[in-house]
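Let me begin by presenting the structure, written as structure tokens, before commenting on it.
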Amino acid sequence: METAVTYPGKIEGPNILSALPAGPSEQGLARAVMIVSLLFFAVAVPFAKEPLVKIWAFIPIYESALAINDLITAVLLIGQLHISRSRAMLMLVSGYLFTWLMTSMHALSFPGLFAEQGLIGGDGQTTAWLYMFWHAGFPLCVIAYARLQGEIRGDTRRSLLTACAWVLFAVSALTLAATQGGIVPLPALMVGNHYTPTMIGVVSTVWLLSLAALAALWRRRMRSVLDLWLMAVMCAWLCDVALSAVFNGGRFDLGFYAGRLYGLLAASFVLLVLLVENGWLYARLLDATAELRRLMAADALTGIANRRAFDESLDREWRRSARTQAPLSLLMIDVDHFKKFNDCYGHVVGDECLRKVAGILARSAKRGGEVAARYGGEEFAVLLPDIDSAGALRMARHICESIAASAIPHVQSPTSACITVSIGVACMRPGVSTADKPEANCTRLVERADTALYVAKAEGRNRAHAAAEDAGVAMSVANEDAGKDFPSTQAAASQIA
């Protein structure tokens, strides 16, 4: 039976924030953020009850920014949920949706913001109770996130809709209770702008829930990047609750303002990390797409272009030549007596031979638009835009000489003691003996180069043979006969027959 292999510190799953293991840099940054948060908290505590100016514009700015941050974070986490199908992620999404809705209710209830007693002010205690429900609900969701395991069974969208329905129900019920519309009236937490003794017990419970959420995240055996930044969130959340409802004296003192700034900071941590991660994943996607295109276009053995990439390049270059009326040449190259080479040296050495030949072709075809490709087996092709038949023949001769100079031993070759190649050269000019359809012209160019290749083989191999441009005259050259007159294509072809 096969077993899955796991590695220490590795979290199974896709490359998303909830699955990526926290590296040293992420841990260091999150630790620094938490230390700075605690230092500012320590500095602010002695002055928490210092009364400050009542800035009413601060409340709508704070509430709006908080609601927008939580909503965007929830939407981004929903994308992670669809990828991971994690029950824990579903609970975290629910937590951020809960804080978004509760923040909105809190803003509607705040005295003096939209109405003297708030739009849903009840008896004046609504805002304080909504703050407590809000700051108790999110840590509970984080605790559930830290403890839940496994994937969602069934449809993820249905589970998400169900979770949203429960969040809406919870927010509605808590808002109703806070407006004193519940079955049991809630005790008063505020007298004017100051807290009552009941607040001590309630806020202590809320603070302990935040501490429990931080501990639950800390106890996770393998912490992801998301876990790490949720710990930073809960650390800021503890400072928020402590400054806003424990060490301060009431609304609009230093603790009130500082605590809410901590809350806004806490809401931004995961959002910023998600935005950075989305940008990083998008860059990775572009790199992966480029790599996939390269792999799709590259021959697995030799690394040069494969047959598919060659066909696409041939069609593209022919269309370009049709616009510019420039010549387009093609070399069809075959390794001489390669079957005998494989039989003598084995396929591993044969593969290495093909790689060396491909390397020589790639170094030869280095101008813009030129493509060296493995056409199939031991056969290669080189596409040469803007080069006429004479120039292509010179290139073919250079390739023959380069491969012979590489001195790859071939003791079974009747032609030479080293690996050699035979090359067929063909050139076409748009508008001269060409068809209307580009596909027909591309096929004709390949057929002419292929025919010329067979002529080169019939003439003794280790040479290049070129058909004249769109005419009946052909040129041929062997390495040892450079500069001599070239026989016609028809005459060479008749020798094959």
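Can you tell me which of (1) buried (at least 16 other Cβ atoms within 10 Å of the Cβ); (2) at pLDDT below 80; (3) charged (D, E, K, R) is the one D227 doesn't meet?
All conditions are met except number (2).
Would you be able to tell me the number of residues in region 286-306 that are assigned to a helix (DSSP H, G or I) and either loosely packed, with under 13 Cβ neighbours inside 10 Å or without any contact (Cβ under 8 Å) to a residue 12 or more places away in the chain (or both)? First the steps, then the outcome.
Quick first cut of region 286-306, residues assigned to a helix (DSSP H, G or I) only: 286-297.
This time we only want the ones that are either loosely packed, with under 13 Cβ neighbours inside 10 Å or without any contact (Cβ under 8 Å) to a residue 12 or more places away in the chain (or both), so: 286-296.
The total comes to 11.
Would you point out the residue of region 98-119, among those that are within 16 Å of S172 (Cβ to Cβ) and surrounded by fewer than 21 Cβ atoms within 10 Å (Cβ to Cβ), that is modelled with the highest pLDDT?
Per the criteria, the residue is S104.
Restricting attention to region 252-285, and to residues there that are assigned to a helix (DSSP H, G or I) and charged (D, E, K, R), which single residue is nearest to E26 (Cα to Cα)?
Of all residues in region 252-285, those assigned to a helix (DSSP H, G or I) come to 254-285.
Next, from what is left, pick out any that are charged (D, E, K, R): 260, 277, 284.
On the way: R260: 26, E277: 12, R284: 19 Å.
Ranking the qualifying residues of region 252-285, first place goes to E277.
Just to check your reading of the model, which residue among I83, I55 is over 25 Å from V233 (Cα atoms), assigned by TED's automatic domain parsing to the domain that holds L230 and of a type in the set (A, V, I, L, M, F, W, C)?
On the way: I83 fails: over 25 Å from V233 (Cα atoms).
Criteria check complete, one pass: I55.
Looking only at residues that are out of contact with any strand residue (DSSP E or B) (no Cβ under 7 Å at 6 or more places or on another chain) and farther than 20 Å from S416 by Cβ in region 356-376, which one is modelled with the highest pLDDT?
R363
For residues that are under 23 Å from T127 (Cα atoms) and under 32 Å from the mean Cα position of the chain (by Cα), tally how many sit in region 202-236.
Residues that pass the stated criteria total 3.
What's the number of the condition L314 fails, among (1) among the hydrophobic types (A, V, I, L, M, F, W, C); (2) under 21 Å from L453 (Cβ atoms); (3) at pLDDT below 90?
Here L314 clears every test but (3).
Can you find a residue that is touching a residue at least 60 places away in the same chain (Cβ under 8 Å) and touching a His at 6+ places or on another chain (Cβ under 6 Å) anywhere in region 324-347?
Yes - at least one qualifying residue is present in region 324-347.
So which of V206, V191, V225, V171 ends up being assigned by TED's automatic domain parsing to the domain that holds Y62 and touching a His at 6+ places or on another chain (Cβ under 8 Å)?
Details: V191 fails: touching a His at 6+ places or on another chain (Cβ under 8 Å); V225 fails: touching a His at 6+ places or on another chain (Cβ under 8 Å); V171 fails: touching a His at 6+ places or on another chain (Cβ under 8 Å).
Criteria check complete, one pass: V206.
Please work out which residue is nearest to the chain's Cα centre (by Cα), limiting yourself to region 307-363 and to residues that are of a type in the set (S, T, Y) and surrounded by fewer than 20 Cβ atoms within 10 Å (Cβ to Cβ). So that I can check it myself, show each step before the final result.
Going through region 307-363, the residues of a type in the set (S, T, Y) turn out to be 313, 321, 324, 329, 345.
Narrowing the set further to residues that are surrounded by fewer than 20 Cβ atoms within 10 Å (Cβ to Cβ) leaves 313, 324, 345.
Numbers: S313: 28, T324: 39, Y345: 44 Å.
Checked region 307-363; the qualifying residue nearest to the chain's Cα centre (by Cα) is S313.
From the list A326, A381, which residue is assigned by TED's automatic domain parsing to the domain that holds A466, in contact with a Pro (Cβ under 8 Å, 6 or more places away or on another chain) and either assigned to a loop (DSSP other than H, G, I, E, B) or at pLDDT 95 or above (or both)? So that I can check it myself, show each step before the final result.
On the way: A381 fails: in contact with a Pro (Cβ under 8 Å, 6 or more places away or on another chain).
Being assigned by TED's automatic domain parsing to the domain that holds A466, in contact with a Pro (Cβ under 8 Å, 6 or more places away or on another chain) and either assigned to a loop (DSSP other than H, G, I, E, B) or at pLDDT 95 or above (or both) holds for just one of A326, A381, which is A326.
Just give me the residues in region 365-404 being among the acidic types (D, E) and closer than 28 Å to K340 by Cβ, in sequence order. Please lay out each step first, then the result.
Initial filter on region 365-404 (among the acidic types (D, E)): 370, 378-379, 386, 388, 401.
Hits for region 365-404 are E378, E379, E401.
If you scan region 39-56, which residues turn out to be part of a helix (DSSP H, G or I) and either surrounded by fewer than 14 Cβ atoms within 10 Å (Cβ to Cβ) or on the phi > 0 side of the Ramachandran plot (or both)? It would help to see each step written out before you state the result.
Quick first cut of region 39-56, residues part of a helix (DSSP H, G or I) only: 39-47.
Scanning region 39-56 gives L39, A42, V43, P46.
The values are calculated or read from the model by the stated rules, or taken from the named source; none is laboratory data. Quantities reported herein were computed from a predicted structural model and do not represent experimental measurements. Note that each Cβ is placed from the backbone with ideal geometry, even for glycine, and that neighbours are counted across all protein chains shown.
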